[in-house]
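A.B. asks: Handing you a structure now.
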Amino acid sequence: EASEVFSFGMVLMELLTGCPPAVLAPDGRSCTFLSDELRPWEDRAKHRVLQRLDARAQWPLTVATGLSTLALLCIHDDAGRRPAFLEVTTILQGLTESALALAEVEACQGASCASASSYAPASADACMQAATRKEPLNL
């Protein structure tokens, strides 16, 4: 399952950045890998992903941040620290609910919307911390 989760994470990276996972290097004999450019094993990996967002996709920042966090979890070097697909679906559901709640709040534009203001979605970072500790997600 860990290799499928890794593949899913790389697909998310492709969607977020608009870049293929590998391209032919300028020397014409080797490949340059997206993961080597993003360096997910180093600090500020999420920042590097967000800097490379595909402008054509017009990702809302909250969505891009959540998906970046999930993608980085999925492509973790330590397969044991990658989330299981069940956790991935739970995180995606939480991100969807958060995005919908944010859209509802924005649609209200300061109007009194009880359902939007009472909703408190889990943050992407909270999802990431729970998944890396292999704890149940409380979204």
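The values are calculated or read from the model by the stated rules, or taken from the named source; none is laboratory data. Keep in mind it's a predicted model, so treat the numbers as computed, not measured. FYI the Cβ positions are ideal-geometry reconstructions off the backbone, even for glycines, and counts take in every protein chain you see. Heavy atoms of the whole protein, side chains included, go into the accessibility calculation; ligands, DNA and RNA do not. Shrake-Rupley method; radii C 1.70, N 1.55, O 1.52, S 1.80 Å.
A.B. asks: By the scheme Lys and Arg +1, Asp and Glu -1, what is the net charge of all other residues having a beta-carbon under 10 Å from that of Val5? Working shown, then result.
C.D. replies: Numbers: positive: Arg82; negative: Glu1, Glu4, Glu87.
Result for the neighbourhood of Val5: -2.
A.B. asks: Also, quick follow-up: Expected output is a single nm value to one decimal: the length gained when fully extending between Ala103 and Cys31, i.e. 0.36 nm times separation in residues minus the C-alpha distance. What is it? It would help to have the intermediate numbers written out before the result.
C.D. replies: Values: separation 72, 0.36 × 72 = 25.92 nm, distance 4.02 nm.
Full extension from Ala103 to Cys31 adds 21.9 nm.
A.B. asks: Enumerate the calculated ³J(HN,Hα) couplings along region 65-80 in order (Karplus 6.51 cos²θ - 1.76 cosθ + 1.60, θ = phi - 60°), each rounded to whole Hz, writing x wherever the residue is Gly or Pro.
C.D. replies: Ordered by residue, 3J(HN,Hα) equals 5, x, 5, 5, 4, 4, 4, 5, 4, 5, 9, 4, 4, 8, 4, x Hz.
A.B. asks: Short version: ³J(HN,Hα) in whole Hz for each residue of region 47-54, in order, from phi by Karplus 6.51 cos²θ - 1.76 cosθ + 1.60 (θ = phi - 60°), x for Gly and Pro, what are they?
C.D. replies: 4, 5, 5, 5, 5, 9, 4, 6
A.B. asks: For His47, His76, give me the order by solvent-accessible area with a 1.4 Å probe, most accessible first, ignoring ligands, DNA and RNA.
C.D. replies: Numbers: His47 80, His76 55 Å².
Putting His47, His76 in descending order of accessible area: His47, His76.
A.B. asks: Once you sort the root eigenvalues of the Cα gyration tensor of region 1-107 as a ≥ b ≥ c, which label holds: rounded (a/c under 1.5), prolate (a/b larger than b/c) or oblate (the other case)? Don't jump to the answer; show the numbers that get you there.
C.D. replies: Working: a/c = 2.34, a/b = 1.40, b/c = 1.68.
Verdict is oblate for region 1-107.
A.B. asks: From the residues Val105, Thr62, Ala25, which one has its Cα farthest along the dipole of region 1-107 in the positive direction, the dipole being from +1 and -1 charges on Cβ of Lys/Arg and Asp/Glu about the Cα centre?
C.D. replies: Ala25
A.B. asks: Loop-only trypsin sites (Lys or Arg not before Pro) in region 32-66, please: DSSP not H, G, I, E or B, and at most 13 other Cβ atoms within 10 Å.
C.D. replies: Details: sites: Arg44, Lys46, Arg48, Arg52, Arg56; in loops: Arg44, Arg52.
Here the sparse-neighbourhood loop sites are Arg44.
A.B. asks: Relative contact order of region 1-107, please, whole-number percent, based on alpha carbon pairs below 8 angstrom and at least 6 residues apart.
C.D. replies: Numbers: 108 pairs, mean separation 36.6, N = 107.
RCO, region 1-107: 34 percent.
A.B. asks: Report in % the part of the accessible area of region 46-90 that belongs to carbon and sulfur, leaving out ligands and nucleic acids; probe 1.4 Å. Mind dumping the intermediate values first?
C.D. replies: Values: 1390 of 2310 Å².
Heavy-atom surface of region 46-90 belonging to carbon and sulfur, 1.4 Å probe: 60 percent.
A.B. asks: Something else about it: What distance in nm separates the simple spin-label points at Asp77 and Arg39, each placed 7 Å from Cα in the Cβ direction?
C.D. replies: Going from the Asp77 label point to the Arg39 one covers 1.2 nm.
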